[in-house]
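The values are calculated or read from the model by the stated rules, or taken from the named source; none is laboratory data. All figures in this text were calculated on a predicted structure; none of them were measured in a lab. Note that each Cβ is placed from the backbone with ideal geometry, even for glycine, and that neighbours are counted across all protein chains shown. The area values use the complete protein model at the heavy-atom level, side chains included, leaving out ligands, DNA and RNA. Shrake-Rupley method; radii C 1.70, N 1.55, O 1.52, S 1.80 Å.
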Amino acid sequence: MTSPRLNPATTDAVAVWASAQVTALGVDTWPTYGGPAWRALVANDPRKAAAIFEAAEQWRRHRAEADELDRLLTDDPEEWWRRIVADADAEARRIAPALAKRPTVAEVRARARRQAPRPVTATAGWPPVAVPGRPGWHRRLVDGRQVDVPTARTKMERTA
């Protein structure tokens, strides 16, 4: 159920009329238009009508905003762009401090170059590890020791 979402400070005559119609119905809450709860209401339930008024008013406002943006695109592209990116700009301002604390790609790569490579280590319960720079060799854990052994021939090599 929702409650009325009309702006009481509005001077929009259509919004005031729609709000008056909902007030005249005498309901405080109603289900979302078209949803399962709305469909379950009987046809003459005032909550059904209130949901219709709310949906119509939301659609009217949506279309008015879209029409205004279309007009701005033609008449004032700079203002159109400002409105289109306003939410993205606000989000960017919100996350900028956290992003500024993160290292850049160049900083991450510079750190990676300074670190010594990790040694290849076989682990119990895991398959053998390929030894870098030695094609065909794998490091295995044998009796607690790291042992490099040549890779066994594959099934295809044995049948050839």
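Pairing each residue of segment 14-41 that is part of a loop (DSSP other than H, G, I, E, B) with any residue that is basic (Lys, Arg), provided the two are 6+ apart or on different chains, yields C-beta distances under 8 Å for Val27/Arg47; Thr29/Arg47; Pro31/Arg47; Leu41/Arg47; Leu41/Lys48. Taking the numbered list (1) open to solvent by less than 60 Å² (accessible area, probe 1.4 Å); (2) under 28 Å from the mean Cα position of the chain (by Cα); (3) closer than 30 Å to Gly35 by Cβ in turn, Val85 passes all entries but (3). Scanning segment 107-154 for residues that are in a strand (DSSP E or B) and β-branched (Val, Ile, Thr) returns Val129, Val142, Val147, Val149.
Name the single residue that is most open to solvent (accessible area, probe 1.4 Å) among those in segment 49-63 being under 27 Å from the mean Cα position of the chain (by Cα) and of a type in the set (A, V, I, L, M, F, W, C). Selected residue: Trp59.
Contact annotation: residue pairs with Cβ atoms under 9 Å, 6 or more positions apart or on different chains, pairing a residue in segment 117-139 that is hydroxyl-bearing (Ser, Thr, Tyr) with a partner that is open to solvent by 80 Å² or more (accessible area, probe 1.4 Å) and at pLDDT 90 or above, are Thr121/Gln146. The residues of segment 21-48 that are open to solvent by 80 Å² or more (accessible area, probe 1.4 Å) and among the polar types (S, T, N, Q), listed by number, are Thr23, Thr32, Asn44.
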